[in-house]
Amino acid sequence: MNLQPKASHFINGEYVEDTAGRVIDVVYPATGEVIAKLHAATPALIEKALNAAAAAQKEWAALRPVERARILRRAHDLVRARNDEIARVESTDTGRALSETLYVDAVSVAEALEFYAGVIPAYNGETISLGNAFAYTRREPLGVCIGIGAWNYPFQGAGWKSAPALAAGNAMVFKPSENSPLSALILAEIYKEAGLPDGLFNVVQGHGDVGQALVEHPLSAKVSLTGSVPTGKKVLGLAGSLMKHGTMELGGKSPLIIFEDAPLENAVRGALMANFYSTGQVCTNGTRVFVHRSIHDQLVEKVVERAREIRIGDPLDPEVTMGPLISKAQQEKVLNYIALGKEEGAKLEMGGGIPAMQGMEGGFWIEPTVFTNVTDNMRIAREEIFGPVMSVLAFDDEEEVIARANDTEFGLAAGVFTNNLPRAHRVIAKLQAGMCWINNYNLAPVEVPFGGVKSSGVGRECAMAALDHYTQIKSVYVESDDVVSVF
Ligand code: NDP
């Protein structure tokens, strides 16, 4: 299999290579086969990308919003037209099943482009009446924004960051994760074909040091990062020390609470989607499944029965519903947590091992895993595993489960399944999480602000909220009377 792109980077409207950069092997997670070899950006390329972005941004910002929107709308059409190709690249690069990527990744980027093209012409400041005088505000772009992506949803990450940034009049330099670097290059091609002026969306490859160099460079004004909490703390710390803006979309250990009056079949589906979709590599996953003791055994039985039907296999087979993990390192990490769960006394209901995958023995496979008898202080209930490992915790009453759900440094997401509507809203209001669902889980439409509280992040992606984070307010006081002076 060969997915070698024309070159590693896309800068100032064209593919660029510099073989002096550190080699990045791009691997098909289902087999371990190397499918492309890229090079990390050298300091010279980082400089080139930032300069191209800075040079292009001012003219772009000066366009009427409807003109910028027209280009985003063309990009939307092109993303949809290339949906299947993007899905195949995404599945090969990340190992996520085609049964997901065909319907989610390009689609969510297309919707982001559609949304921001639609709303940007109506995104304005306000007029403030001050008696004889008045003031108005302008929503001005920040300049050159840095996007840094995680490896699980690389195309979506690039699209969710660039669509609002560009709509608001910024330029972007995007660094994908070195684990899944390919699809952001397709987005760069699409923007170019849609008529986006050169330099406004650049892709540079590399590891953390490239991300850091982009953030600390004097030409960058903001960083939007999707990644783990430790990386987020480092990057926001750096941005803060330079007084730059930062949006951090970080990890979680989110609670999914199933009350005794829950619609059971939907709760089972929710719990499965919240733990096994994308082989468990979703930041918002509801990995702490709190189940009311009265329905605990019944729910676990159904979850296990359904989880056994998960079709693990080649992600490029459209019948497959779960692919491998992203990397050997991630597989080892997940296996370590499973061993830890057993040591800590949790009960392994199913999974826990590496499935036998004939012909794909070099892949980073893992079985869907369910633990019961999990208690709050176990590490499998406290730390983000980022794999298909569900922890089920029993609870007895509402106040208790709210306190336990909130007893974590994270605050990305939370879900509640119940048919009791007052209870649903009462409980959600008390949960410390940025993204909440009632009677569903893990849906993230672009119209809804997305992001975390506590250690799970700062700022929001999607919706109108993202535009606020890619702009700054200029206030203008307009006098229509004489100046009052004490001198
Ligand atoms: P990491 O934190 O390891 O990396 C995130 C990105 O930051 C990568 O591109 C990485 O480069 C880069 N990076 C690492 N160090 C630095 C640095 N010092 N300065 C600048 N950039 C740096 O996360 P993963 O890629 O492993 O992704 C998994 C994590 O992402 C999970 O914790 C998950 O919960 C979270 N996530 C959050 C989401 C959200 O929206 N809240 C959505 C999806 C995932 P490199 O690839 O070289 O490490």
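Quick rundown of the values:
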| quantity | calculated |
| --- | --- |
| Relative packing of 127-133, 200-206, 409-415, which averages over residues the other C-beta atoms within 10 Å, highest first | 200-206, 409-415, 127-133 |
| Cα pair distances of segment 19-174 binned at 10 Å [whole percent] | 10, 29, 32, 20, 6, 3, 1, 0 |
| Antiparallel %, DSSP beta bridges [both residues in the chain], to 5 | 40 percent |
| Cross-link partners of K333 among aspartates and glutamates (Cα-Cα below 15 Å; sequence separation of 8 or more within a chain) | E367, E383, E384 |
| Cα gyration tensor shape of the chain, rounded if a/c is under 1.5, else prolate or oblate by comparing a/b with b/c | oblate |
| Compactness relative to 2.2 N^0.38 Å, alpha carbon Rg of segment 375-472 | 1.18 |
| Near-label residues of segment 103-131 by backbone N, under 15 Å of a point 7 Å along Cα→Cβ of V484 | 130-131 |
| Computed P(r) (all Cα pairs; segment 145-231; 10 Å bins; percent) | 19, 56, 24, 1 |
| Computed label-point distance, nm, for sites L348 and Y477 using a 7 Å Cα→Cβ extension | 6.9 nm |
| Over 24 Å (Cα to Cα) - which of K6/K48; K58/K192; K175/K474; K430/K454; K175/K328; K58/K222 fall in this group | K175/K474 |
| Square roots of 5 times each gyration tensor eigenvalue, C-alpha, segment 164-210, largest first, Å | 20, 13, 8 |
| Share of alpha-carbon pairs per 10 Å distance bin for segment 182-336, given as whole % | 9, 25, 27, 23, 13, 3, 0 |
| Using a Förster distance of 60 Å, the FRET efficiency for D396-A61 (Cβ separation, nearest 0.05) | 0.60 |
| Antiparallel bridges, percent of DSSP beta bridges restricted to segment 330-487 (to nearest 5) | 35 percent |
| Descending Cα extents along the principal axes, segment 56-120, whole Å | 42, 22, 15 |
| Computed over segment 192-274, Cα set: Rg, Dmax in Å | 19.6, 57 |
| Distance between modelled label sites at D376 and S294, nm, 7 Å Cα→Cβ extension | 2.2 nm |
| Given the chain, longest segment not containing exposed loop trypsin sites (Lys or Arg not before Pro) (DSSP; at most 14 other Cβ within 10 Å) | 7-307 |
| GluC sites (Glu not before Pro) within segment 336-365: DSSP coil, no more than 13 neighbouring Cβ in 10 Å | E361 |
| Ranked M273, M1, criterion: other C-beta atoms within 10 Å, fewest first | M1, M273 |
| Karplus (6.51, -1.76, 1.60) ³J(HN,Hα), θ = phi - 60°, over segment 176-188, in Hz, Gly and Pro reported as x | x, 5, 5, 7, 8, x, 7, 6, 4, 5, 5, 4, 4 |
| Protection-proxy order for peptides 104-111, 431-438, each taking the mean of Cβ atoms within 10 Å per residue, highest first | 104-111, 431-438 |
| Net charge, Y153 excluded, C-beta distance under 12 Å - Lys, Arg +1, Asp, Glu -1 | -4 |
| Rg ratio (alpha-carbon, reference 2.2 N^0.38 Å) - segment 90-149 | 1.90 |
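Laboratory data are not the source of any read-out in this text; all were calculated from the coordinates shown. Not measured: the values here are computed from a predicted model. Here the Cβ is made from the backbone with ideal geometry for all residues, glycine too, and neighbour counts use every protein chain on show.
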